[in-house]
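The values are calculated or read from the model by the stated rules, or taken from the named source; none is laboratory data. All values derive from a computational prediction rather than experimental measurement. Counting neighbours? That spans all protein chains shown, and the Cβs are built from the backbone with ideal geometry, glycine included.
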Amino acid sequence: MKVSTSDLQGVLGATPAAAPPSRAPRQTNSRSGREQARINELKCMRVVAHHGHVRIAELARAVWPKARYAEQVSRRVASRLVAEGLLLERRNALGSRSLCLTRVGATWLEARGIEAQHTLDLSSVSGSTFFHRTLATRYLIERQVEGFQTAGEYLLLRRKAPFPVDRMVKMLRKMPDGAVWQRRADGPATVEVCEVEAARKALPQLAACLRWAELVGQPLDQAGAYRLGGLVFVYDRELNHARRILLAATSLWGHRPLQERVTLERRVKLVAVELRDPLVWVGSSVTTLHDLRQRAV
């Protein structure tokens, strides 16, 4: 068949079509579903061992702080751990359930190189201190989410901290409700001690806690790697604890020079927590005692 030149016009001069771009290989998760489940179980177990006992709400916030359905996921994982005998559900003072570490669970963690002790005998689960302890636990978890390290009263009573707890108690003349710190590459870690205000305290008791601000900068260990960094009061914002703390500070430091009072009051943080029944953490606001006084003037 004879093809004319006019028939080939536009064909011989045409550039070949570009090849379609190749798609990047799809990233796949190398972990199997069972491996991920085991990782989640270990995270949950460590949270319970760290705080002594937690509810599902605290567990979800600690392990999945950004997940949309964190409580549903944590409830499923906790159910598996309870079925395996690693955790135990105990009725708490609010009538709901709290998760505790069993003897089998403690052994399970120790087999994975994590020091643990069962928490079946903790009276704070169903006792009068449940509100106090749970509010402290949730605050410490919020700080953990921010990247800080924490130790609640449960760990401090067992002397499980990177600094000598007995030395801290001797310095403060009281066991705090918690400690928050962050290790630094240069210089010592500053440790904030926490005091949770649940029941109404007498002004002299509040003043005794406020004296901790006078000790800021003092070492908590012999090497000076950890130093007292400040005091944090945590309380339900519906109660009038802030006003009473302010009154106690005025009674304690009112005779001191103005600049000294300002320095001391800036070392004291007030965390007002918004709660709804039954003990559900909605949010919190943070201010210093000095800023509160400035607003009150």
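Below are the figures for this structure:
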item: Members of the stretch 214-232 found to be in contact with a strand residue (DSSP E or B) (Cβ under 9 Å, 6 or more places away or on another chain), over 15 Å from K170 (Cα atoms) and surrounded by fewer than 21 Cβ atoms within 10 Å (Cβ to Cβ), listed by number; result: G217, A225, G229, G230
item: Whichever residue in the stretch 163-177 is closer than 13 Å to L228 by Cα and not basic (K, R) and, among such residues, is farthest from the chain's Cα centre (by Cα); result: M171
item: The stretch 275-296 residues that are assigned by TED's automatic domain parsing to the domain that holds R244, paired with ones that are of a type in the set (V, I, T) and outside any strand (DSSP E or B) (beta carbon under 8 Å, 6 or more apart); result: L279/T134; L289/I245; H290/V262
item: Residue among V54, V47, V63 that is among the β-branched types (V, I, T), more than 21 Å from G113 (Cα to Cα) and not assigned by TED's automatic domain parsing to the domain that holds L275; result: V54
item: So L109, is it in a helix (DSSP H, G or I), within 19 Å of S74 (Cα to Cα) and touching a residue at least 60 places away in the same chain (Cβ under 8 Å); result: yes
item: Candidate set: the stretch 134-149, residues that are free of Cβ contacts under 8 Å to residues at least 40 places away in the same chain and on the phi < 0 side of the Ramachandran plot; chosen: the one surrounded by the most Cβ atoms within 10 Å (Cβ to Cβ); result: R143
item: Filtered residues of the stretch 262-274 (kept if farther than 21 Å from P65 by Cα, without any contact (Cβ under 8 Å) to a residue 40 or more places away in the chain and out of contact with any helix residue (DSSP H, G or I) (no Cβ under 7 Å at 6 or more places or on another chain)); result: T263
item: Selected residue [at pLDDT below 95 and small (G, A, S)] from A296, A272, A242; result: A296
item: Criterion (free of Cβ contacts under 8 Å to residues at least 12 places away in the same chain and either among the basic types (K, R) or in contact with an Asp or Glu (Cβ under 9 Å, 6 or more places away or on another chain) (or both)) met by exactly one of R237, R243, R227; result: R243
item: Output for the stretch 221-258, where each listed residue is closer than 18 Å to G178 by Cα and among the aromatic types (F, W, Y); result: Y226, F233, Y235
item: Output for the stretch 184-212, where each listed residue is among the charged types (D, E, K, R) and closer than 15 Å to Y139 by Cα; result: E192, E195, E197
item: The stretch 252-297, subset touching a Phe, Trp or Tyr at 6+ places or on another chain (Cβ under 8 Å), surrounded by 15 or more Cβ atoms within 10 Å (Cβ to Cβ) and charged (D, E, K, R), residue nearest to A93 (Cα to Cα); result: K269
item: Qualifying positions in the stretch 247-261 - of a type in the set (A, V, I, L, M) and in contact (Cβ under 8 Å) with a residue 12 or more places away in the chain; result: L247, A248, A249, L252
item: Those residues of the stretch 170-198 which are without any contact (Cβ under 8 Å) to a residue 12 or more places away in the chain and either surrounded by 15 or more Cβ atoms within 10 Å (Cβ to Cβ) or in a loop (DSSP other than H, G, I, E, B) (or both), in sequence order; result: R184, A185, D186, G187
